[in-house]
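The values are calculated or read from the model by the stated rules, or taken from the named source; none is laboratory data. Since the model is a prediction, treat every value here as computed from it, not as a measurement. A quick note on method: Cβ atoms are made from the backbone with ideal geometry, for glycine too, and the neighbour counts reach across all protein chains shown. Surface areas here come from the heavy atoms of the whole protein model, side chains and all, with no ligands, DNA or RNA. Shrake-Rupley method; radii C 1.70, N 1.55, O 1.52, S 1.80 Å.
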Amino acid sequence: MIFVTKTFNIQSNLLCDVLMIILFSLKDLTFKEGSIGKIVCKLKLSTNDNKEVSNIFKILRNLTVIIWPIELLLLIIFNKRIGDMLYKTKVLN
């Protein structure tokens, strides 16, 4: 019985992790202006050429949250997220 409970806990934890990654990846698509945080802080996501970012790049740049410890370290060092470096995007005031 203990084995069944542990297996269920592992599966439910994995499901929650996958759902969190999906929701976080889609956060910039919730509103036309971007995520709720960007709206509140009056920030805008754009490419390095000051063009509008495509929806696929909005999703891909947020997938780097999976490796958040590395993301945090590079954010502190370079003041840019990994997703912004990879997909040549930036957040503007």
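Report the FRET efficiency, 1/(1 + (r/R0)^6), for C16 and L92, where r is their Cβ-Cβ distance and R0 is 25 Å, rounded to 0.05.
Efficiency at R0 = 25 Å is approximately 0.15.
Expressed as a whole number of Å, what is the distance separating the alpha-carbon centroids of the stretch 71-93 and the stretch 6-58?
15
Rounded to the nearest 500, what is the 222 nm mean residue ellipticity of the chain from helices alone, with -39500 (n - 2.57) per DSSP H run of 4+ residues and division by all residues?
Theoretical 222 nm ellipticity from helices: -17000 deg cm²/dmol.
Leaving out ligands, DNA and RNA, and with a 1.4 Å probe, what % of the accessible surface on the chain is carbon or sulfur? List each step's numbers first, then the result.
Values: 5150 of 7170 Å².
Solvent-exposed carbon and sulfur of the chain make up 72 percent of the total.
Given R₀ = 22 Å, what would the calculated FRET efficiency be for L72 paired with L23, taking r from the Cβ atoms and rounding to 0.05?
Numbers: r = 20 Å, r/R0 = 0.89.
The calculated FRET efficiency here is 0.65.
What is the chain's relative contact order, in percent, from Cα pairs under 8 angstrom and six or more apart in sequence?
28
Checking the a/c ratio against 1.5 first, then a/b against b/c, what shape does the Cα gyration tensor give for the stretch 45-93?
Oblate, since a/c reaches 1.5 and b/c is not below a/b.
Amide H to amide H under 5 Å from L45: which residues, 5+ apart in sequence or cross-chain, H placed 1.01 Å off N in plane?
Hits under the 5 Å cutoff: L92.
Please give the direction-averaged projected area of the C-alpha convex hull for the chain, in square nanometres with one decimal.
Answer in nm², one decimal: 7.4.
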